[in-house]
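The values are calculated or read from the model by the stated rules, or taken from the named source; none is laboratory data. The structure displayed is predicted, hence computed values, not measured ones. Note that we place each Cβ from the backbone using ideal geometry, even for glycine, and neighbour counts take in every protein chain shown.
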Amino acid sequence: MPDQILKGKTCLITGGAGGLGKAIASQFLEAGANVVICDINDERLQQTSTELSPKGPLKAIKTDITNTSEVEALFETLVGAFGKIDVLVNNAGIMDHFDPIGDLDMELWDRVMALNLTAPALLSKFAIRNMLLQENVDGRIINIVSVAGKAGWASGAAYTASKHGLIGLTKNTAAFYGTKGIKCNALMMGGMNTNIVDAFKTGMHMEGYQKMTSILESIQAPLVDLDEVAGFCVNMTYGKGAGQINGATIAIDNGWTSVVG
């Protein structure tokens, strides 16, 4: 990967205070980007800001991305600081409790959809509007999905539907804006050691959870390495050949979906 591949680019990563988002932010900074991370967890956000700030220009902004006015303020701060946005990584997400639809609390459905699907749509809307104002439009949107965007066993009904929906949003965005200089792709992640596993600690629908774990035991694929994924995200923006990829859903899952989909 060429050094400083993202020099002069401004990148926004949601859920950037931990896990994959933090790894992406770190490698974007090392690649020369101006980086904005947002997260709902203020304590974790400040810790990450302190850790990553020495790497390059970084702004950490506490944001509820399900709140339209807060997202609008986020973009106003980003544009005020760096003038534009070039890359949006829709990384933030929450897990459900593996509930199938017959047992699902619809309030949980609403929460999962709000963060996993509606928020990326809102962020993409603001990002695209700014990208299209630039003289030479060359924007990138990366949506972080999951094997649950393809398979039915990997989570409950809410998370599965949200990730399938995010793939649909990816394809539609690519179809409408690819010819205008904005490329949109999705990364379909396998299991990772991130803070999303906090959701597994309590309140699991045991039948759904056991279905997922039994399939994973049969696959025996290792967890996905966060730093490897973060490096791939850098290349997916402005690395050689990146401009030719649009509307794709790329599996980064150590072969999970090649064994069972």
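The table below lists the values:
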item	result
Any hit, the range 80-88, residues being within 18 Å of the chain's Cα centre (by Cα), over 27 Å from Gly190 (Cβ atoms) and surrounded by 15 or more Cβ atoms within 10 Å (Cβ to Cβ)	yes
Total residues in the range 100-159, condition closer than 16 Å to Lys183 by Cα, assigned to a helix (DSSP H, G or I) and touching a Gly at 6+ places or on another chain (Cβ under 6 Å)	1
Residues being under 17 Å from Asn130 (Cβ atoms), part of a strand (DSSP E or B) and hydrophobic (A, V, I, L, M, F, W, C) - total across the range 4-37	5
Tally of residues being surrounded by 17 or more Cβ atoms within 10 Å (Cβ to Cβ) and either out of contact with any strand residue (DSSP E or B) (no Cβ under 8 Å at 6 or more places or on another chain) or among the charged types (D, E, K, R) (or both) across the range 123-136	2
Within the range 28-51, considering residues that are of a type outside the set (A, V, I, L, M, F, W, C) and farther than 23 Å from Ile94 by Cα, the one surrounded by the fewest Cβ atoms within 10 Å (Cβ to Cβ)	Thr50
Qualifying positions in the range 52-65 - surrounded by 14 or more Cβ atoms within 10 Å (Cβ to Cβ) and either polar (S, T, N, Q) or part of a helix (DSSP H, G or I) (or both)	Leu52, Ser53, Lys55, Thr63
Residue in the range 246-261 that is modelled with the highest pLDDT, counting only those that are over 22 Å from Leu20 (Cα atoms) and among the aliphatic types (A, V, I, L, M)	Val259
Any hit, the range 38-51, residues being within 20 Å of Tyr238 (Cβ to Cβ) and part of a helix (DSSP H, G or I)	no
Residues that are charged (D, E, K, R), within 17 Å of the chain's Cα centre (by Cα) and not in a helix (DSSP H, G or I), drawn from the range 219-252	Asp225
Pair list, Cβ under 8 Å, 6 or more apart: the range 1-24 residue within 18 Å of Leu123 (Cα to Cα), other residue of a type in the set (Phe, Trp, Tyr)	Lys9/Tyr238; Thr10/Phe82; Cys11/Phe28; Ile13/Phe28
The range 66-99, residues that are assigned to a loop (DSSP other than H, G, I, E, B) and within 19 Å of Thr173 (Cβ to Cβ)	Lys84, Ile85, Asp86, Asn91, Ala92, Gly93
Qualifying residue in the range 137-148 (condition: of a type in the set (Lys, Arg), touching a residue at least 12 places away in the same chain (Cβ under 8 Å) and buried (at least 18 other Cβ atoms within 10 Å of the Cβ))	yes
